[in-house]
Amino acid sequence: MAKAVIAIHGGAGAITRAAMSAEKEQHFRQQLAAIVSAGQQILASGGSALDAVTEAVRLLEECPLFNAGRGAVFTHQSTHELDASLMDGRTLDIGAVAGVSRIRNPVLAARKVLEASPHVLFIGSGAEAFAAQQGLTPVEPDFFSTPERWEQLQRALGSEQMLLDHDGAAQESDPLDPDRKFGTVGAVALDLQGNLAAATSTGGMTNKQAGRVGDSPLAGAGCYANNATVAVSCTGTGEVFIRTLAAYDVSAQMEYGGRSLQQATASVIHDKVQELEGSGGLIAVDAHGNVALPFNSEGMYRGFAYVGGEVEVAIYRDS
């Protein structure tokens with residue numbers, strides 16, 4: 001029987017202990033643990049890896065602490081544009097949406113694309129129309145807005161910066177270096193039947209140009225799963241993860257190069273991505289249930305749990 005496991009991430013970046021209050025850190029840890037536990041329970045009851053990662057990412061989208069779904073960042077044009085993707089390692093089926101602003105849970109729309117469409121990726125109004133046809137209730141664009149995200153946009157506009165994070169510009173209370181925080185969420189899982197799945201979702205970058213799409217909805221870049229090798233979800237400098245096909249490269253190194261999960265993920269994050277001055281990390285589970293959570297930034301919101309095991313969560317390099 002497979003060693004069933006789920007892992008999640010809530011973004012990577014330069015996380016400073018000094019700016020992270022004990023209360024705020026505990027809140028992040030509690031949310032991560034609760035979401036890992038929800039996915040763990042699905043796997044324990046015999047649920048599929050696809051179901052586990054879908055629900056984990058849906059819960060991450062519902063939590064305003066993370067830049068996906070409610071609490072998504074604003075574009076330069078003061079709008080929201082969300083992206084998500086989902087991949088089934090058993091069939092290599094993929095579903096993805098990009099640039100959507102009226103779908104409450106983009107990962108659920110991606111699941112509908114995977115299951116009910118011959119296509120792989122829908123964008124903008126076409127994605128929203130498809131989601132509505134599939135029974136997902138539309139929301140108004142301001143559903144995603146929070147006062148914190150609006151303030152972050154104003155600080156970014158004031159500094160004329162495009163920020164790779166959902167914290168905007170530096171404040172004493174910010175737990176992350178604002179120029180090196182990547183607001184993406186994701187989940188990977190191996191179920192009791194030996195099937196792998198991966199899902200990734202994001203609100204993008206604060207002050208990004210409308211229409212910009214990063215790696216999150218692109219299979220092989222920000223998300224990939226193949227039962228023969230590995231399930232991967234990435235978080236980081238989207239353009240670099242696209243240029244390196246980071247998620248697929250982990251699988252390729254394992255399949256063609258005979259590398260272990262740890263070797264392949266370290267090569268991608270610490271060599272290939274870093275050589276192009278990219279920052280971030282990834283989470284990965286291989287076909288044997290091994291877990292890797294590498295990142296080249298100072299920290300990454302992350303957690304994992306095996307069926308029957310303890311839930312483990314961490315933020316910094318050493319915890």
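Treating r as the C-beta distance of THR137 and ALA34 and R0 as 25 Å, the FRET efficiency rounds to 0.55. With contributions of -39500 (n - 2.57) from each DSSP H run of at least four residues, the per-residue ellipticity at 222 nm computed over the chain stands at -9000 deg cm²/dmol. Span-like helix check, the chain: qualifying full DSSP H segments, with Cα axial length of 27 Å or more and mean Kyte-Doolittle of -0.5 or more, are 22-44. The residue among PHE74, PRO138, SER48 whose Cα reaches farthest toward the positive pole of the charge dipole of the stretch 1-157, with charges on the beta-carbon of Lys, Arg, Asp and Glu, is SER48. Remark on VAL73: its backbone amide H falls under 5 Å from those of GLY203, a criterion applied only to residues 5 or more positions apart or on other chains, H modelled at 1.01 Å from N. Counted by Cβ distance under 13 Å from SER37, the other residues give a net charge of -2, where Lys and Arg count +1 and Asp and Glu count -1.
Using a 1.4 Å probe on the protein chains only, how many percent of the accessible area of the stretch 40-127 belongs to carbon and sulfur? Mind dumping the intermediate values first?
Values: 1510 of 3000 Å².
That fraction is 50 percent.
Dipole of the chain computed with +1 at Lys/Arg Cβ and -1 at Asp/Glu Cβ about the Cα centre; of LEU192, ALA231, SER37, farthest Cα towards the positive end is LEU192. Using a simple spin-label model with points 7 Å from Cα along the Cα→Cβ vector, what separation in nm is obtained for SER78 and THR91? With each label placed 7 Å out from Cα toward Cβ, I get 4.3 nm.
Near ASN226, once Lys and Arg are set to +1 and Asp and Glu to -1 for all other residues with Cβ below 15 Å from its Cβ, the sum equals -4. With protein chains left intact and a 1.4 Å probe, residues in the stretch 34-111 average 28 Å² of accessible area per residue. Taking label positions 7 Å along the Cα-Cβ direction at both HIS119 and TYR256, the computed distance is 3.0 nm, reported to one decimal. A 1.4 Å probe, protein heavy atoms only, puts the accessible area of TYR301 near 0 Å².
With a Cα-only, solvent-free Debye model of the stretch 1-77, what are the log10 I(q)/I(0) values at q = 0.26 Å⁻¹? Log10 I(q)/I(0), no solvent term: -1.22. Label separation (GLU277 vs GLU23): 4.0 nm, computed from points 7 Å beyond Cα along the C-beta direction.
Taking Lys and Arg as +1 and Asp and Glu as -1, the other residues whose beta-carbon sits under 15 Å from that of ALA287 total -1. State whether the chain is rounded, prolate or oblate according to the following rule on the C-alpha gyration tensor (a ≥ b ≥ c being the square roots of its eigenvalues): a/c under 1.5 gives rounded; otherwise a/b larger than b/c gives prolate, and the remaining case gives oblate. It is rounded, given that a/c, with a ≥ b ≥ c, falls under 1.5.
Once you charge only the Cβ atoms, +1 for Lys and Arg and -1 for Asp and Glu, what is the size of the charge dipole of the chain about its Cα centre, to the nearest 20 debye?
Details: 22 positive and 36 negative charges, 74 e Å.
Its charge dipole is roughly 360 debye.
Largest accessible area first, the residues GLU61, GLU23, GLU239 order themselves as GLU23, GLU239, GLU61 under a 1.4 Å probe with ligands, DNA and RNA left out.
The values are calculated or read from the model by the stated rules, or taken from the named source; none is laboratory data. What you see is a predicted model; the values in this text were computed from it and never measured. Neighbour counts are summed over all protein chains in view; Cβ atoms, including those assigned to glycine, are modelled from backbone coordinates with ideal geometry. Areas reflect the complete protein model, heavy atoms only, side chains present, ligands, DNA and RNA absent. Shrake-Rupley method; radii C 1.70, N 1.55, O 1.52, S 1.80 Å.
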